[in-house]
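Take a look at the structure below.
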Amino acid sequence: MSILLTAILVALFVTIAYIDSHTFQTHIFRPIFVGPVVGLIMGDVSTGLAVGVTIELMFLAVIFVGTATPPDPTLSTAIATGIAILGGGGTELAVATALPVSFIGQIATTFQNTVINIWFMHRAENAISKLNTRGLVLNNTVYPMLTNAVLYGIPAFLAIYFGADFVKGIIEAIPDKIITGLSVGGGMIGAVGFALLLSTIQVKKFWPFLFLGFFFASYLKINMIGIALLGVICVALYYYLKIDDQNANA
Amino acid sequence: MENEKKLTKKDLWKVFWNQMTIRTANNYERQQNAGFTQAMMPVIEKVYDDPEDKKEAYDRHMEYFLTQDMVSALPVGISAAMEERYANERDFDPSTINSVKTALMGPLAGLGDSLLNGTARPIFAGLAISLVSAGTGWVGPIMFVICMAILSLGVRYLGVFQGYKQGVSLVAKFQSSGLISRISELAGIAAYIIVGGFIPALVYLHIPIEYTSGETTIKIQETLDGLMPGVLGLLYTGLMYYLITKKKVSAIKLIFITMIVGIVGVYAGILG
């Protein structure tokens, strides 16, 4: 497949992924899915899977509450996967690419929410004050979704089409230690996401469960599926022993 | 008394599909207001005849609205019931509709963010990662998307249809039964276990320092792993938690700081 067609297909998928993240939220926009899809388009699914897993780990628990805009996982995974495959540099190269791109994506999203969508929202308000329902749908849904192609699809296209040598050149110019450092930092970034998640928990008195989960995983080497089941068991125990009993007594 | 205008199943399905656009024009001025208005469009077009009534209703919903995207379906469903009742009965002040929406925004946002984005999504993603690591290829990613799609569409379906069916009584029930605090207790337990259990696998710090005394070489990482595997990740998470909750450092800053710590650590030879 020519690089032009490849870049167009990646850009198309990225645009669709953003539309999904703004509408149905089937989550095809997460790194774990974007990685292998871009890999499929570019003919190297296994690199796509590896990059998707690595970046998903970086962003796993990064949730941003309310109005905060998180670093962008979708565009960064698409471009990082493309670069990793074109550059043949493995996942370290991908991590080094993903993080800076995720901040570029974040800036694009902030621009979208502050400038573009405020403009569309006022147009929508204007339309509906004249009872023009078509105008509401166009300005609330159709036009903002089309801007996703400009904000995210085009950068993805440019990065894949012109990027390989360009990005490879930049990355080759970066000292090895910085690339290693970025991937070391990438391994630690999960801590920020988990800390953020912990800070949103409303009932703090359950903190010992944190250590229960930790010790099962750390000493007993229970994998993540086992930890999820442990969570289900503890929630069920608490429900039956505490809440259900209370309701029965009341 | 003129004919009552009741919403049908078909109307509610239209609401369900229009609710998908809740955040398409998400904006920092009034957030999901245009999306909420589009979700209410099938209701307003159905229950009101008088253009002035329609205008008033649309204006109402163009006010500020923000909650988690999926659970926003619940206030949409409840508002549909309230608009329908107001159009037919005129027995309450329509500003109540916005009061109910505003009352629900906060608790639902907290619930949606911690339960769906904070608990369910990391669990499904963690399982998908385990599956990929086990060499099963596409199984993990596809399972992840199927689970999340069921969750997203299921929550929205329940929100619109149950919200409409139970209407305002649902809000009262919510508040009196303390359901929200109950769910947040259960979500809290799950979140603590998941975070604790995922830290050893997902937050990795490795200290490559070793020193020799006489015959034996002592590797710090091996010693630490012998005492408590993954303890560095736990400590670093604790530090981040302290900085977020007590020092109010923003997460973006901490991400930058972490990357810099990684680079500096590699240069200094204490991380690798």
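The values are calculated or read from the model by the stated rules, or taken from the named source; none is laboratory data. Since this is a predicted model, take the numbers as computed values, not measurements. Note that we place each Cβ from the backbone using ideal geometry, even for glycine, and neighbour counts take in every protein chain shown. In case anyone asks, the SASA skips ligands and DNA or RNA and just uses the protein heavy atoms, side chains included. Shrake-Rupley method; radii C 1.70, N 1.55, O 1.52, S 1.80 Å.
Which numbered condition trips up A:ASN148, out of (1) open to solvent by 20 Å² or more (accessible area, probe 1.4 Å); (2) at pLDDT 95 or above?
That leaves (1) as the condition not met.
Which residue, of A:GLY193, A:GLY185, A:GLY231, is more than 7 Å from chain B (Cβ to nearest Cβ), buried (at least 21 other Cβ atoms within 10 Å of the Cβ) and outside any loop (DSSP other than H, G, I, E, B)? Walk me through it before giving the result.
On the way: A:GLY185 fails: more than 7 Å from chain B (Cβ to nearest Cβ); A:GLY231 fails: more than 7 Å from chain B (Cβ to nearest Cβ).
Testing whether each residue is more than 7 Å from chain B (Cβ to nearest Cβ), buried (at least 21 other Cβ atoms within 10 Å of the Cβ) and outside any loop (DSSP other than H, G, I, E, B) leaves just A:GLY193.
All but one of (1) surrounded by fewer than 21 Cβ atoms within 10 Å (Cβ to Cβ); (2) at the interface with chain B (Cβ under 7 Å from one of its Cβ atoms) hold for A:HIS122; state the number of the condition that does not hold.
Condition (2) is where A:HIS122 drops out.
Hey, can you tell me all the residues within region A:234-245 that are aliphatic (A, V, I, L, M) and open to solvent by less than 60 Å² (accessible area, probe 1.4 Å)? Break it down into steps so the answer makes sense when it comes.
Step one: of region A:234-245, the residues aliphatic (A, V, I, L, M) are A:235-237, A:241, A:243.
Passing the criteria: A:VAL235, A:ALA236, A:ILE243.
I need a count of the residues in region A:210-234 that are within 28 Å of the chain's Cα centre (by Cα) and more than 17 Å from B:MET228 (Cα to Cα).
9
Restricting attention to region B:208-228, and to residues there that are in a loop (DSSP other than H, G, I, E, B) and aliphatic (A, V, I, L, M), which single residue is farthest from A:SER218 (Cα to Cα)? Please lay out each step first, then the result.
Taking region B:208-228 and keeping what is in a loop (DSSP other than H, G, I, E, B), we get B:208-209, B:214-215, B:228.
The next check asks that each one be aliphatic (A, V, I, L, M); those that pass are B:209, B:228.
Numbers: B:ILE209: 22, B:MET228: 7 Å.
Step by step, filter region B:208-228, then rank; the result is B:ILE209.
Go through region B:127-161 and report how many residues are open to solvent by less than 60 Å² (accessible area, probe 1.4 Å) and either in contact (Cβ under 8 Å) with a residue 12 or more places away in the chain or not in a helix (DSSP H, G or I) (or both).
Total meeting the criteria: 17.
Residue by residue through region B:130-147, note down the ones that are closer than 22 Å to A:ALA17 by Cα and among the small types (Gly, Ala, Ser).
Filtering region B:130-147 for residues closer than 22 Å to A:ALA17 by Cα gives B:132, B:137-147.
Correct list: B:GLY137, B:GLY140.
Can you tell me which residues in region A:12-26 are over 23 Å from A:VAL137 (Cβ atoms) and open to solvent by less than 10 Å² (accessible area, probe 1.4 Å)?
A:VAL14
Filter region B:187-219 for residues that are more than 11 Å from chain A (Cβ to nearest Cβ) and either within 24 Å of B:SER114 (Cα to Cα) or touching a Phe, Trp or Tyr at 6+ places or on another chain (Cβ under 8 Å) (or both) and give the result.
Once the filter is applied, which keeps residues that are more than 11 Å from chain A (Cβ to nearest Cβ) and either within 24 Å of B:SER114 (Cα to Cα) or touching a Phe, Trp or Tyr at 6+ places or on another chain (Cβ under 8 Å) (or both), region B:187-219 yields B:THR217, B:ILE218.
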